[in-house]
1. Which one is right for this structure if Cα extents along the principal axes in Å is calculated from it: (i) 45, 32, 32; (ii) 60, 36, 31; (iii) 72, 36, 24?
2. Nearest 20 debye, what's the magnitude of the dipole of the chain about its Cα centre given +1 on Lys and Arg Cβ and -1 on Asp and Glu Cβ?
3. Which values of log₁₀ I(q)/I(0), to two decimal places, follow from the Debye formula for the stretch 61-101 at q = 0.17, 0.26 Å⁻¹ with a uniform point scatterer at every Cα?
4. What do you get for Rg/Rh over the stretch 14-71 if you use C-alpha atoms and the Kirkwood form of Rh?
5. Percent of accessible area on the chain owned by carbon and sulfur, 1.4 Å probe?
6. Just to confirm, what accessible area per residue do you get for the chain at 1.4 Å probe, in whole Å²?
7. Starting at the first residue of the stretch 107-115, write each ³J(HN,Hα) from the Karplus equation 6.51 cos²θ - 1.76 cosθ + 1.60 with θ = phi - 60°, in whole Hz, x for Gly and Pro.
8. Give me a comma-separated list of calculated 3J(HN,Hα) values for the stretch 56-65, in order, Karplus coefficients 6.51, -1.76, 1.60 applied at θ = phi - 60°, integers in Hz, x for any Gly or Pro.
Amino acid sequence: MHRLAALDLATGEIYYRIRKRKRWREFLGLLKALRARWLRKKLYVVLDNFSPHKHPNVRAWTAAHDIELVFLPTYGSWLNWIESEFAALRYFALNGTDHRSHTEQNAAIAAYVCRRNVRAEPKTRFAPDSPIREWTENPTAA
């Protein structure tokens, strides 16, 4: 089973799907669901360099639907904020468990995501005290 997920930085909520395979078709399905959720906004999707993310059909569809795919450097998946959310999900929902079926495991994941989304907070102010913010947010500060 494979988890496909997106993190909305504006709300802090996770949107996910669990699929038996992780091919370009499943990934495109997630993108279509995200597009349906945010109809009139340009979407930026941060991704690793997994080949289904770069499939020509995915690239063509995203170009036609105002979605920009932003690829991280090779071995830079730790730069993607959702990776820390995956680590928390593994820790709180999967570690130390012995689920009897995929259905049971998926229910544990769903319960964790629901609990987490209820308490979600926007992720819009990363490193608020960083001097880099001063350089990028205030053009006269230089």
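The values are calculated or read from the model by the stated rules, or taken from the named source; none is laboratory data. This is a predicted model, so every value here is computed, not measured. In this analysis, Cβ positions are derived from the backbone assuming ideal geometry, glycine residues included, and neighbour counts consider all displayed protein chains. Note: areas computed on protein heavy atoms with side chains; ligands, DNA, RNA excluded. Shrake-Rupley method; radii C 1.70, N 1.55, O 1.52, S 1.80 Å.
1. Answer label, from the structure shown: (ii).
2. 800
3. -0.69, -0.88
4. 0.92
5. Result for the chain: 54 percent of the exposed heavy-atom area is carbon or sulfur.
6. 69
7. 5, 5, 5, 4, 5, 5, 5, 4, 4
8. Each residue of the stretch 56-65 in turn: x, 5, 5, 4, 5, 5, 5, 4, 7, 10 Hz.
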